[in-house]
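A.B. asks: Please find one structure pasted underneath; my questions will follow.
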Amino acid sequence: MFDFDQQQMQDMADTYVIPWAINIGLAIIIYIVGRIVVNVLTGLLGKMLGKAKYDDMLIAFIQAIVHAILMLFVIVASLNELGVDTTSLVALLGAAGLAIGLSLQGSLQNFAAGVMLLVFRPFKTGDFIEAGGATGIVEGISIFNTQIRSGDNKQIIIPNGKIYGDNITNYSAKPTRRVDMLFGIGYGDDLLKAKKLLEEIIASDERILAEPAPVIAVSELGDSSVNFIVRPWVNSADYWPLYWHIHETVKLRFDAEGITIPFPQMDVHIAKEEKEDKEPKEA
């Protein structure tokens, strides 16, 4: 009886225990080696993206996605070594991924837009932009949204999908900007004198660049005024300080030199009709 039981145990070990132990050991080896290989590959990917000067946040996110996908293959290979039917598991994961994707369409759109913003970089942190219906300084760019600080110090959080799907105006992208200004004088004022005053004001400001040359010209004969366009070029950081300064200086100089800045006005002529006395005269 003892010999029979020992033979049974030997057969069970040969049939089940040893093959299972070998499979479990191979599965563990596949998982450990696969994990090491995945970590090495994602590390090399991060270094390559870093040399390409991609955003750190984008690099970390891409590494996480690639790591998760590769580890999924490693886990499937390990389970397959254990004899688990991975076909149904892969199908289940695919169906779950599809359901999650359909339920998170808006978030996925923002995610895709965030990736595009981080890859193509139409703006960066610190830039002054107009996008997604808001204007302000970019304080941060994440995968799903962008944070902007408005001029009155409000934080505005805009979904990336809204930004990438509309026009983006980056006022800080170029080192120089043209300042467009319009000044009107009265029809009775000395046009050449006013133009000379504008030229002196522009020439006296050191912030204005010599190239491209400033433009000062009569742009139109308006309803109430003769209008000058004044278009100097400045460094982008000097745009608003110069804009405000020139307007104040022009007003003070025009006042001192007797040049008027007319306000809109309209002449109204009232015509009087003489009515004949239609009453019958007494006989």
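The values are calculated or read from the model by the stated rules, or taken from the named source; none is laboratory data. What you see is a predicted model; the values in this text were computed from it and never measured. Reconstructed Cβ throughout: ideal geometry from the backbone, glycine too, with neighbour counts over all protein chains shown.
A.B. asks: Just checking, how many residues over region 117-134 are surrounded by 15 or more Cβ atoms within 10 Å (Cβ to Cβ) and over 17 Å from K174 (Cβ atoms)?
C.D. replies: Going through region 117-134 one residue at a time, the tally reaches 4.
A.B. asks: To continue, here is another question. What pairs come out if I take residues in region 183-199 that are outside the structural domain of I229 (by TED's automatic domain parsing) and pair them with residues that are of a type outside the set (G, A, S) and in a helix (DSSP H, G or I) whose C-beta lies under 8 Å away, six or more apart or interchain?
C.D. replies: Short answer, once both residue conditions are applied: none.
A.B. asks: Please go through region 200-232 and pick out each residue that is surrounded by fewer than 19 Cβ atoms within 10 Å (Cβ to Cβ) and hydroxyl-bearing (S, T, Y).
C.D. replies: Of everything in region 200-232, those that are surrounded by fewer than 19 Cβ atoms within 10 Å (Cβ to Cβ) and hydroxyl-bearing (S, T, Y) turn out to be S204, S219, S224.
A.B. asks: Further, regarding this structure: Please name all residue pairs, on different chains or six or more residues apart, with Cβ atoms under 8 Å, provided the first residue is in region 116-138 and is touching a residue at least 60 places away in the same chain (Cβ under 8 Å) and the second residue is in a strand (DSSP E or B).
C.D. replies: Correct list of pairs: L118/I141.
A.B. asks: Just to verify a result, which residue in region 141-155, among those that are in a strand (DSSP E or B) and over 12 Å from the mean Cα position of the chain (by Cα), is surrounded by the fewest Cβ atoms within 10 Å (Cβ to Cβ)?
C.D. replies: Q155
A.B. asks: Residue by residue through region 206-246, note down the ones that are closer than 27 Å to F263 by Cβ, touching a helix residue (DSSP H, G or I) at 6+ places or on another chain (Cβ under 8 Å) and part of a loop (DSSP other than H, G, I, E, B).
C.D. replies: The answer is P214, P232.
A.B. asks: Restricting to region 200-231, name every residue that is of a type in the set (A, V, I, L, M) and out of contact with any strand residue (DSSP E or B) (no Cβ under 7 Å at 6 or more places or on another chain).
C.D. replies: Across region 200-231, the qualifying residues are I201, A203, A210, A213, L221.
A.B. asks: A follow-up question, please. Can you tell me which residues in region 228-250 are modelled with pLDDT of 95 or more and either more than 29 Å from the chain's Cα centre (by Cα) or among the aliphatic types (A, V, I, L, M) (or both)?
C.D. replies: Once the filter is applied, which keeps residues that are modelled with pLDDT of 95 or more and either more than 29 Å from the chain's Cα centre (by Cα) or among the aliphatic types (A, V, I, L, M) (or both), region 228-250 yields F228, I229, V230, V234, L242, H245, I246, H247, E248, T249, V250.
A.B. asks: Next question. Scan region 261-275 and give yes if some residue there is within 40 Å of the chain's Cα centre (by Cα), over 24 Å from D190 (Cβ atoms) and at pLDDT 70 or above, otherwise no.
C.D. replies: no
A.B. asks: Within region 200-214, which residues are of a type in the set (A, V, I, L, M), free of Cβ contacts under 8 Å to residues at least 24 places away in the same chain and more than 16 Å from H247 (Cα to Cα)?
C.D. replies: If the condition is that a residue be of a type in the set (A, V, I, L, M), free of Cβ contacts under 8 Å to residues at least 24 places away in the same chain and more than 16 Å from H247 (Cα to Cα), then A210, A213 are the ones that fit.
A.B. asks: Restricting the search to region 183-199, which residues are in a helix (DSSP H, G or I) and either touching a strand residue (DSSP E or B) at 6+ places or on another chain (Cβ under 7 Å) or surrounded by 11 or more Cβ atoms within 10 Å (Cβ to Cβ) (or both)?
C.D. replies: L191, K193, A194, K195, K196, L197, L198, E199
A.B. asks: Looking only at region 139-164, which residues are closer than 20 Å to I59 by Cα and of a type in the set (V, I, T)?
C.D. replies: Within region 139-164, I141, I143, T146 meet the criteria.
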